[in-house]
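Down below is the structure, laid out as structure tokens.
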Amino acid sequence: MNKSVSRRTLYPRHDARRTGRLRVTDIHEIYWEESGRPDGLPVIALHGGPGGGSSPEMRRFFDADRYRIILADQRGCGRSTPHSELSENTTWDLVDDIERIREMLGIEKWVVFGGSWGSTLSLAYAVTHPERVYGLILRGIFLITDAEIQWFYQSGASRLFPDAYERYVAPIPEDERGDLLSAFHSRLTGDDRQVRIEAARAWARWEGETLSLRGPKTRPPRFDEDSFVDAFARIECHYFMNGGFFAHDGWLLDAAARTLRGIPGHIVHGRYDVVTPLSSAWALKKAWPDAHLSIVPDAGHSSLEPGIVDELIRACDAFARRFA
Ligand code: STX
């Protein structure tokens, strides 16, 4: 009756069984790991940002007795090297890396799981290699449209979080605040190390403080570490300045409508997601009739909001029963 008492929670912590590094270009090497059941249903869990890196908590959405769980740090972040590197770092490079990992591990087909930027990359991968995907489990849908970028990095979310927004824009002089994305980009890619790190801290903190329903005081500890924020801010800003490296605004939604028919999906999205508003999830669900959308009534953007965890675990369990 009271849904909150029967909410599912994360599976127990478990270690990676196997880790490795894959050289994908002359400069980039990426970290990957495998955990769970060696002959289980393969799943790749794609982290957010871009530039966020994977975390051990991501393993805990999956039943380790049923899933073979693959995690990887995307180019330039987490344990991948060189840290914070922007060259040869595009959506389509990451899609290729996912294929390289799949081939290396001898996996024919897998479940693809991702939240936020992880949902963007999951969709980009699935529309490129639909035959490799059993199904998609996506949270906090983000299509990298101009409207979404404008909402979060310029004005929109600013109206709901004016306190955090003031801290976000602080490193940018008033006469440059008309185009915050460009103002941050020039500082994050400039030669002045102090300016770069101040900009990165402000950029990352904005996201950390708006991520969860409970607001600024609950920002995750990683958002206070300089090495994390540098890669996170630089890589995010680089991708968003380039429109996600999609051919035109709205490309990903069009591609999903063309390509995903017949591929099952679970979309989970918080009603009060301020980072990536619900309208993108709604548009995606309409464009892709095989997807089921769960709107969580009491959640923001974070994957760890209790109602989001509950829905994601149910979706992962349902796919394990269906495809294993
Ligand atoms: N970026 C949204 C995103 O993908 C606009 C994202 N935000 N925070 C994260 O990812 C982490 C918690 C994974 C760092």
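Considering only residues that are free of Cβ contacts under 8 Å to residues at least 60 places away in the same chain and surrounded by 15 or more Cβ atoms within 10 Å (Cβ to Cβ), look in region 223-248 and name the one that is farthest from Leu86 (Cα to Cα).
Of all residues in region 223-248, those free of Cβ contacts under 8 Å to residues at least 60 places away in the same chain come to 223-226, 229, 237, 247-248.
With the extra rule that they be surrounded by 15 or more Cβ atoms within 10 Å (Cβ to Cβ), the set shrinks to 223, 229, 237.
Details: Phe223: 20, Val229: 14, Cys237: 10 Å.
For region 223-248, the residue satisfying everything is Phe223.
Would you check if Arg214 is of a type in the set (Lys, Arg) and modelled with pLDDT of 95 or more? No, not satisfied. Residues being charged (D, E, K, R) and within 11 Å of the ligand (Cβ to nearest atom) are represented in region 190-207 by at least one member.
Only a single criterion out of (1) surrounded by 14 or more Cβ atoms within 10 Å (Cβ to Cβ); (2) in contact (Cβ under 8 Å) with a residue 40 or more places away in the chain; (3) hydroxyl-bearing (Ser, Thr, Tyr) is not satisfied by Ser54, namely (2). For Phe245, the stated conditions do not hold, so it cannot be described as within 14 Å of Ser116 (Cβ to Cβ) and of a type in the set (Phe, Trp, Tyr).
Just to be sure I understand the filter: pairs with C-beta atoms under 6 Å, separated by 6 or more residues or on different chains, first member in region 160-179 and under 18 Å from Val275 (Cα atoms) and not assigned by TED's automatic domain parsing to the domain that holds Pro277, second member part of a loop (DSSP other than H, G, I, E, B) and β-branched (Val, Ile, Thr). Which pairs pass? Cβ pairs passing all conditions: Leu160/Val274. Take Gly40 and tell me if it is in the same structural domain as Ile137 (by TED's automatic domain parsing), over 24 Å from Val275 (Cα atoms) and either surrounded by 14 or more Cβ atoms within 10 Å (Cβ to Cβ) or within 16 Å of the ligand (Cβ to nearest atom) (or both). Yes.
For residues in region 150-159 being closer than 23 Å to Arg196 by Cα and touching a residue at least 24 places away in the same chain (Cβ under 8 Å), which is surrounded by the fewest Cβ atoms within 10 Å (Cβ to Cβ)? Filtering first and then ranking leaves Gln154. Looking at region 29-37, is at least one residue of a type in the set (A, V, I, L, M) and crowded, with 20+ Cβ neighbours inside 10 Å? Yes, region 29-37 has at least one match.
The values are calculated or read from the model by the stated rules, or taken from the named source; none is laboratory data. Quick caveat, the model's predicted, so the values are computed rather than measured. FYI the Cβ positions are ideal-geometry reconstructions off the backbone, even for glycines, and counts take in every protein chain you see.
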